[in-house]
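A.B. asks: There's a structure below that I have some questions on.
Nothing in this text is a laboratory measurement; each read-out follows from the coordinates by a stated rule. None of these values were measured; they are calculated from a predicted model.
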Amino acid sequence: MIAYLKGKILSKTANSIVLENQGIGYKIFLPTSILLNLRIDDIATFHIHTHVREDQLTLYGFLSVKELDLFESLLSVTGVGPKVALAILSGADPDDISSAIAGGDSTIFTKVSGVGKKISERIVMELKEKIGDSMGAGIGSSHYIAESLDALMALGYSKQEAREALNRVPKDIKESSGVVKEALKVLGKK
């Protein structure tokens, strides 16, 4: 099983690359967000999920172990195959996906082609405990975090600024208004 590859990008398509490593070209399917930042002749490293079926062996690549773990968690959901899981990771940031699952919000998945209401609700239902437990007390572990993130973005802060501020809010605050108030204090100190 291939778990990690590093090499030179030989070619690139809309959903994959060919990565040359030790004279062998590996076709690796990647989320769109990763593909957009790659160029031919770049040296790149990927954490790999090796998907084996009777008639094929397919490689899926990710920049971090966190992305790989999320992809593999999505694959554990009934009705979600590698193409759908990759489309989900192409359509949203891994932190947003984890937050949506932990918060019980299935709407993020219905925006992905090939994912209907039934599958999106199944993703949340089957992964909520698993994702929520792995996130612990961090950002996204409660429904009010998503509301607070939206509120900060409505006030003109970027998603990254809002997320960083929310990570610095004391975890004992359990309501949206208090979280937003504390996050604004953090943002005001910058």
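A.B. asks: For the pairs K27/K128; K159/K189; K27/K66; K118/K159, flag any whose C-alpha to C-alpha distance is greater than 23 Å.
C.D. replies: Details: K27/K128 32 Å; K159/K189 18 Å; K27/K66 21 Å; K118/K159 28 Å.
Beyond 23 Å between Cα atoms: K27/K128; K118/K159.
A.B. asks: List, in order, the whole-Hz ³J(HN,Hα) value for each residue of the range 158-172 obtained from phi through the Karplus relation with A = 6.51, B = -1.76, C = 1.60 and θ = phi - 60°; use x for Gly and Pro.
C.D. replies: 6, 4, 5, 4, 4, 5, 4, 5, 5, 5, 9, 6, x, 6, 7
A.B. asks: Treating the angle as unsigned and between 0 and 90°, give the value, to the nearest 10°, between the Cα long axis of helix 117-135 and the longest Cα principal axis of the chain.
C.D. replies: 80 degrees
A.B. asks: Running a GNM on the chain with Cα contacts under 10 Å, which residue among N15, N37, N167 ends up with the highest mean-square fluctuation?
C.D. replies: N37
A.B. asks: Please quote Rg/Rh for the chain to two decimal places, taking the Kirkwood radius as Rh and restricting both calculations to Cα atoms. Working shown, then result.
C.D. replies: Details: Rg = 18.4 Å, Rh = 18.0 Å.
Reported Rg/Rh (Cα atoms, Kirkwood Rh): 1.03.
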